[in-house]
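Okay, structure first, notes after.
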Amino acid sequence: MADFIGKEVMHKTFGKGIVVGFDGKYIKVEFSDKIREYGYPSAFENGFLSISDKQCLAKINDDIALLNKAKAEEERRKEEEREAAEQRRIAEQAARTRGPRQNIAFKCNFCNGGESASNVGFCGVCSDEIIKNNIENRKYTECCREENLCNQYYHGKIDRATLDSSYTCYESRMLIDWKASAGVSTDGKPERIVNARINSLCVLTTRDPGDSSEADRYIFGAFIIDDIFEGDELHEGYVRARAESPYKISLTKDEAHKVKFWDFYHNRNKPEKLYWGQGLFRYLTTQNNPKKPQDDIAVSILKAIIDVKSGKPDEQKAKDLLDHFRKINGIK
């Protein structure tokens with residue numbers, strides 16, 4: 001048993017001191033000016049105190065190891081409590097919802113904001129070229145609205161600096177907020193999202209500006225849904241992932257072009273026809289049983305994402321997303 005009393009220690013500020021008291025939790029050290037008390041063994045762990053006596057040093061190292069083990073156990077316990085609370089929250093919200101759980105895919109206007117070698121876009125306001133294309137050629141409803149800031153910029157009512165510092169559309173922040181909205185119907189009424197659920201998969205799709213065929217639609221991101229607002233008479237519905245969720249992934253431009261949406265999904269009534277239509281989202285339902293969750297499509301998409309991520313830094317992230325999706329939905 002190491003005896004600390006009378007041993008010399010060094011303090012990084014007060015210099016040499018002599019241990020005059022030790023009860024296992026606190027250590028008292030007499031310096032040239034006064035006696036000071038420190039927590040044990042934390043004072044040695046954080047470097048405030050040091051000691052050269054080998055017996056005492058071995059005791060300190062053992063006690064630090066025990067302290068760190070206790071801290072790890074406490075953090076594990078807290079994490080289990082947080083996870084249990086989250087599962088209760090999910091279960092409670094799921095109990096309040098209606099209808100079968102379905103996975104969901106969104107049709108997104110192309111956005112090259114923040115585009116880079118590692119980012120397909122959807123992280124900022126579009127370039128001038130894309131803004132012009134969306135308004136003049138594509139004639140997207142959202143982009144052409146008079147109050148839309150991109151439209152105001154295009155017609156010279158505001159400058160680029162004002163545009164870049166403002167929120168323009170949900171596509172421009174889609175891979176920042178990880179939120180997909182239902183949009184409005186042709187008569188201007190907010191669309192609702194009825195059958196998507198917490199733990200469903202959300203798939204984000206788009207087409208490049210020059211793509212004339214719906215066959216070119218590709219998947220550029222996916223996430224497991226943590227939060228849903230069904231929508232009401234005034235507000236469109238949306239799904240999103242929590243900011244801290246690890247179960248979301250985006251693809252680079254090269255990767256995304258290898259994961260074509262219509263390789264996985266087919267229209268129920270006319271599977272040979274690649275046609276999306278007016279709505280911004282559709283459920284990944286099966287042709288034979290539209291009430292059955294189309295988890296096989298979701299799993300196939302996630303496997304394809306793993307394939308394009310193979311050998312890359314976020315390959316494990318893609319695998320974790322699929323494993324978690326299977327686990328929380330009871331998919332073998």
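The values are calculated or read from the model by the stated rules, or taken from the named source; none is laboratory data. Note that the structure is a prediction, hence the values are computed from the model and not measured. As a convention, Cβ positions derive from the backbone with ideal geometry for all residues, glycine included, and neighbour counts pool all protein chains shown.
Descriptive notes on the structure:
- Residue in region 197-214 that is farther than 27 Å from Val299 by Cβ and free of Cβ contacts under 8 Å to residues at least 60 places away in the same chain present: yes
- Test result for Cys143, surrounded by 21 or more Cβ atoms within 10 Å (Cβ to Cβ) and part of a helix (DSSP H, G or I): yes
- Residue match in region 255-269 (condition: modelled with pLDDT of 90 or more, in contact with a Ser or Thr (Cβ under 6 Å, 6 or more places away or on another chain), in a loop (DSSP other than H, G, I, E, B) and among the aliphatic types (A, V, I, L, M)): no
- Enumeration of residues in region 198-216 that are assigned to a loop (DSSP other than H, G, I, E, B) and crowded, with 22+ Cβ neighbours inside 10 Å: Ser200
- Top-ranked residue of region 237-251 - restricted to ones that are of a type in the set (D, E, K, R) and assigned to a strand (DSSP E or B), ranked as nearest to Ser310 (Cα to Cα): Lys248
- Residue ID - surrounded by the fewest Cβ atoms within 10 Å (Cβ to Cβ), chosen from residues in region 277-316 that are modelled with pLDDT of 90 or more and assigned to a loop (DSSP other than H, G, I, E, B): Gly311
- Residue check, Ser245 over 18 Å from Ile193 (Cβ atoms) and touching an Asp or Glu at 6+ places or on another chain (Cβ under 6 Å): yes
- Restricting region 150-169 to residues that are part of a helix (DSSP H, G or I) and among the polar types (S, T, N, Q) leaves a set whose member that is farthest from Ile135 (Cα to Cα) is Thr162.
- Qualifying residue in region 169-186 (condition: of a type in the set (A, V, I, L, M), surrounded by fewer than 17 Cβ atoms within 10 Å (Cβ to Cβ) and farther than 30 Å from Lys309 by Cβ): yes
- Residues located in region 46-65, provided they are of a type in the set (Gly, Ala, Ser) and under 21 Å from Thr13 (Cβ atoms): Gly47, Ser50, Ser52
- Any hit, region 150-160, residues being surrounded by fewer than 18 Cβ atoms within 10 Å (Cβ to Cβ) and at positive phi: yes
- Under the condition of being touching a Cys at 6+ places or on another chain (Cβ under 8 Å) and under 25 Å from Ser250 (Cβ atoms), the residues counted in region 125-152 number 9.
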